[in-house]
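The block underneath contains the structure these notes are about, expressed in structure tokens.
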Amino acid sequence: MKLIKTLGFIICYATFFGQDNTILKIDDQTVNKTEFEQIYWKNKKEKIATKEDLDEYIQLFINFKLKVIAAEELGLDTTKKFIDELNGYRIQLEKPYLIDTSINEDLINEAYYRTINEVNASHIMTKLGPNPSSQDTLKAYNKISDIRNKIISGNMGFEEAAEELSEDPYARSTKGNLGYFNAFKMLYSFECAAYNTPVGKVSEIVRTKYGYHIVKPNSTRKAKGRVKTSHIMITTSSKKENNLSEEKINSIYKDLVEKTKTFEELAIQFSEDRKSAKNGGEIGWINSGGNFYPEFEEAVFSLKSDGEYSKPFKTPNGWHIVKRLSYEPIGDLKSMSYDLKNKIQKDARAQKTKSSFINKLKTEYQLKNMLNMKDLVGIFNNKNFNYENVESNKKLKNINNTILSFSNVSFTNFDFIKYLSKSRLIDKDKTDEKLIKQQFGNFINQNLIAFEKTQLETKHPDFKALMKEYRDGILLFEISDQNIWTKAIKDTAGLKEFYNSNIDTWKWPNRISGTLFTSESKKTLNKVKSLKLKKSLSNDSIMSILNTDNLFNLKYENKIIDDFKKYNLVFDDLEKGFNGPFNYQEKWGLIYLEDKLPQRNKELKEAEGIIVSAYQNYLENQWLSNLKEKHKISINFETLYSIKQKP
């Protein structure tokens, strides 16, 4: 009967497939060559497919598909847990498909250029609070505009203006100079002003969350990479203390030069940066154009070789000596591309990719903006307008007028009012046209992106395949957990029955328990026997006597031994008490045997881990056997074997 089934299974592909591109059919579900290849090559390192590989993989693939079908039949793909988990993955997976990738490449190139080229820039700022009023915003803008005009006209120098007029609290001491920096060190709009303005010129006015700025690039240089650094620091806070600190750092430097102590020892003993002192002064990697004082950075990057240390130098924090531990140059664009891409996604730069993408969607879907501000304000001012119960406004005049359409969807005033009600914005000022237009822009963007998400599977086959892979993977895990993993642990009766049916599978070999003494000297081990037998000394006492001149003369460990070949021993020849000395692995051994443990079956509790694992395999094989009996499986071997090499 089994032979007939097998023959039917093998030849049925001709009946079911003919010249079809389908590789596998389980009941009414089909898997085409493209779908199979996507998964096959993703899990295979080699670029060539052999018949043996394909035969093996198709069976694994069948097992996988049968389990997923079993999960679907139980409705696991409809549970809240499954839907929430898959949606969580989808949110992450769809992100690369909701940006303008061409802009993203431009941003990566821009970020790389700004990573390898640093700019020294000064700035002047007029501050703005977290939620500035329109009056405060205008006042700050007019002030920075006046300052810029004075500088451009030559009535005031940039450094002078920074010192006297900037609202940056550090400007007075630095004259607005920020030192060298590179990509991602400043807010993106500020960074762009610094890099896009010619050296020595004053930028246009720039808005950030801190206020308004004007920026003057002073110079540029190639970035220097990064140095892993250690330092010794002596702090100072007054003129008198500065003299004492200088004397102390010079004394430490003298010890370094005379090599009375290592840098690490001196850092541990004297450095007043206690966090790094306990690590021998190590403070990790320092990038050029980073967050350290220019004097500190200059000293670090002046060191030309690993292990070299500087002369004492001073920063606002105190006196330092720095040591170079290792150096790394900046990588090429290819090696840094992934890291730069991740940084861009977390930075204001990402908004450029999103904005460009939305503009392309507006064109693709022929978006029409039909918002009539007069109608909308009229709805808000209607005496019957109810903000607390938005649904009650459905009969108001113009409420159902279409204000937005794209592709095959449209939105009305009512839809927009519902959107506004969720953010409570129409509670603030229902006639503020600027606010309404801003929120309508957000409304457009939100609905465009929401619609595009519904089109991803249609527009991007790779996304569709990826979502299916995650979907099936979640189902596979859930059904396997129910039928195999958790079941094997919870089904104690079944586990015990399985153990009893296969009890001879898990055995302890012949073993002995005792003490193994080892030494380079056979004579030493004979002394062990003598001291143990004649004086009944403990093992530690014997060690202290025989290791007086050499701490490594004798070693011992209490252990259970089952690898007798390793020691050139035979279990049946061993007796209680001393056995040896014997030669093994170019040294001598001596065993004090306390108990012989003949071969026996392992109890369930002694090998529960491996027995549970074996029971899981048994349950899986039994389950798969039942699934294969239940479902009709057909393989198109002709199409399967047409797979030759990786596309």
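What residue, among those in segment 108-133 that are aliphatic (A, V, I, L, M) and touching a Ser or Thr at 6+ places or on another chain (Cβ under 7 Å), is farthest from A183 (Cα to Cα)?
Looking at the filtered set, the residue picked out is L128.
Looking only at segment 313-344, how many residues end up being under 17 Å from T101 (Cβ atoms), of a type in the set (S, T, N, Q) and surrounded by 15 or more Cβ atoms within 10 Å (Cβ to Cβ)?
Of the residues in that region, 1 qualify.
Would you please list the contacts, defined by Cβ atoms under 6 Å and residues six or more apart or on different chains, that run from a residue in segment 167-181 that is assigned by TED's automatic domain parsing to the domain that holds S122 to a residue that is assigned to a strand (DSSP E or B) and surrounded by fewer than 21 Cβ atoms within 10 Å (Cβ to Cβ)?
Every condition considered, the pairs that remain are E167/K127; Y180/N120.
Could you name every one of the helices (runs of 4 or more DSSP H) located completely within segment 212-297 that has at least 1 residues being without any contact (Cβ under 8 Å) to a residue 12 or more places away in the chain and within 31 Å of the chain's Cα centre (by Cα)?
274-277
Yes or no, residue by residue, for (1) out of contact with any Ser or Thr (no Cβ under 7 Å at 6 or more places or on another chain); (2) modelled with pLDDT of 95 or more:
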{"site": "I39", "(1), (2)": "yes, no"}
{"site": "Q59", "(1), (2)": "yes, yes"}
{"site": "F64", "(1), (2)": "yes, yes"}
{"site": "L74", "(1), (2)": "yes, yes"}
{"site": "I83", "(1), (2)": "yes, yes"}
{"site": "E94", "(1), (2)": "yes, yes"}
{"site": "I99", "(1), (2)": "no, no"}
{"site": "N104", "(1), (2)": "no, no"}
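Any idea which of N359, N369 is over 30 Å from N117 (Cα atoms), modelled with pLDDT of 95 or more, in contact with a strand residue (DSSP E or B) (Cβ under 7 Å, 6 or more places away or on another chain) and surrounded by fewer than 17 Cβ atoms within 10 Å (Cβ to Cβ)?
N369
Name the single residue, out of those in segment 417-438 being modelled with pLDDT of 85 or more and surrounded by 17 or more Cβ atoms within 10 Å (Cβ to Cβ), that is nearest to the chain's Cα centre (by Cα).
Looking at residues that are modelled with pLDDT of 85 or more and surrounded by 17 or more Cβ atoms within 10 Å (Cβ to Cβ), I get Y419.
Determine if segment 510-520 includes at least one residue that is at pLDDT below 95, among the acidic types (D, E) and in a helix (DSSP H, G or I).
No: zero hits.
Mind checking which residues of segment 214-233 are under 25 Å from V199 (Cβ atoms) and among the polar types (S, T, N, Q)?
N218, S219, T220
Within segment 614-646, take every residue that is closer than 30 Å to K602 by Cβ and touching a residue at least 12 places away in the same chain (Cβ under 8 Å) and give me the one that is surrounded by the most Cβ atoms within 10 Å (Cβ to Cβ).
Out of the qualifying residues, it is Y615.
Taking F552 as the residue in question, decide whether it is under 54 Å from the mean Cα position of the chain (by Cα) and modelled with pLDDT of 95 or more.
no
The values are calculated or read from the model by the stated rules, or taken from the named source; none is laboratory data. In this text the structure is predicted, and so the values were computed from the model without any measurement. No Cβ is skipped: glycine too gets one built from the backbone with ideal geometry, and neighbour counts run over all protein chains shown.
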